[in-house]
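As structure tokens, the structure follows; a few thoughts come after it.
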Amino acid sequence: MKKSDKLTVYIVGTAYSGSTLIGSALNSHSRMLYVGEINRIPAYIKQYNHSKHPASCTNCLITDQQCKIFSEKNIQKIGNMSPIKTFDYIRKITQKPIVIDGSKLIDWLRVSTSKDLSDQTKVIILTKNPVSYLQSCKQRGIEPLWAEANAWRDTYFDAMRTCSRLGLPCLVVRLEDFLRAPERVLRQVCGFVGEGFEKRMLEAKMPLHAIGGNPGAYLGYVDKKILVNRYEEMGQKEFDINPMRLKTKLVSKLQSRKNLRAIQNLTLETPGLIDIATQLGYVYSDFLD
Ligand SMILES: [Zn+2]
């Protein structure tokens, strides 16, 4: 692999912004590999203290198998390397030159990248409409919501500031755009990383082997019953799926309508939140019904 051929793409943003979903689509590209939340490898948690919850490959956790990429042996090996070496190692074993990290924390971007590699590093700032983000928090029982609203604002403020400071090219991807027009967004991402679009990205049929992430994104190729069983065995904290994903569509729709007005008000009343959201390309009507 030529030196100029490799690229590490960091996805940054809040939780529940759809990184596993988009990661899965990108992973279907013949030259891209989505590796999930590398910062949750146990040795990295110890070293960098960015996350409290160690994780392994979510696919293999759900289906109860030994992972080919993130086997216990490989996770240990990776834990002894720096993140930059890890990405090279993963490139070597998978033969995919573009590695996409879905750790999402901006602090992780600060510790795991290097100024010398700024020509081989790009950032996707992944966002979800703050109203939908707060609804996801509410459905998972995460409170207080006002603190989450502040965290949403601060996360994206910090993301934009850090990319500027580190001189890293970044692309804002709004989850809503991806859900509405996946091909258009995937073409944008392909253009951003210098690759051609591949139709199979829309099918996202390639099995995804990535650390952590949202088990709900595996609903396409894992049976819902298996997900429900795992959820009941492990509980919300360890198996962080939105419980609404496991309910019927109608129940989930009714639940998301509940409290909507209060969440919209909170979004509009949180100081500075709308300013940041408009910097990311949202418009006022996105926050209303
Ligand atoms: Zn796996």
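The table that follows gives values for the structure above.
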| quantity | calculated |
| --- | --- |
| Residue ID - surrounded by the most Cβ atoms within 10 Å (Cβ to Cβ), chosen from residues in segment 133-147 that are modelled with pLDDT of 95 or more and more than 17 Å from the chain's Cα centre (by Cα) | L145 |
| Of all residues making up segment 94-118, the number that are hydrophobic (A, V, I, L, M, F, W, C) and over 14 Å from I38 (Cβ atoms) | 3 |
| Complete set of residues in segment 84-107 that are crowded, with 22+ Cβ neighbours inside 10 Å, part of a helix (DSSP H, G or I) and within 18 Å of the chain's Cα centre (by Cα) | F87, I106 |
| Any chance R110 is touching a Ser or Thr at 6+ places or on another chain (Cβ under 7 Å), outside any strand (DSSP E or B) and not β-branched (V, I, T) | yes |
| Search result, residues across segment 37-63 that are farther than 22 Å from I22 by Cβ and either of a type in the set (A, V, I, L, M, F, W, C) or not in a helix (DSSP H, G or I) (or both) | A43, I45, N49, K52, P54 |
| Residues located in segment 27-49, provided they are away from the ligand (no atom under 11 Å from the Cβ) and small (G, A, S) | S28, S30, A43 |
| Any pair with Cβ under 7 angstrom, 6 or more apart, that starts in segment 54-69 at a residue that is free of Cβ contacts under 8 Å to residues at least 40 places away in the same chain and within 13 Å of E37 (Cβ to Cβ) and ends at one that is more than 8 Å from the ligand (Cβ to nearest atom) and in a helix (DSSP H, G or I) | P54/R40; P54/P42; P54/I45 |
| Yes/no for K52 being basic (K, R), at pLDDT below 95 and more than 13 Å from the ligand (Cβ to nearest atom) | yes |
| Members of segment 55-64 that are near the ligand (Cβ under 10 Å from one of its atoms) and out of contact with any Gly (no Cβ under 6 Å at 6 or more places or on another chain) | S56, C57, N59, C60, L61, I62, T63 |
| Residues within segment 196-236 that are in a helix (DSSP H, G or I) and either closer than 18 Å to M32 by Cα or within 16 Å of the ligand (Cβ to nearest atom) (or both), tallied | 10 |
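Yes/no per residue for (1) in contact with a strand residue (DSSP E or B) (Cβ under 8 Å, 6 or more places away or on another chain); (2) away from the ligand (no atom under 16 Å from the Cβ):
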position	(1), (2)
Q66	no, no
T94	yes, no
V99	yes, no
S112	yes, yes
K115	no, yes
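The values are calculated or read from the model by the stated rules, or taken from the named source; none is laboratory data. What you are looking at is a predicted structure, and each value in this text was computed from that prediction instead of being measured. Cβ: placed from backbone, ideal geometry, glycine included. Neighbour counts: every protein chain shown.
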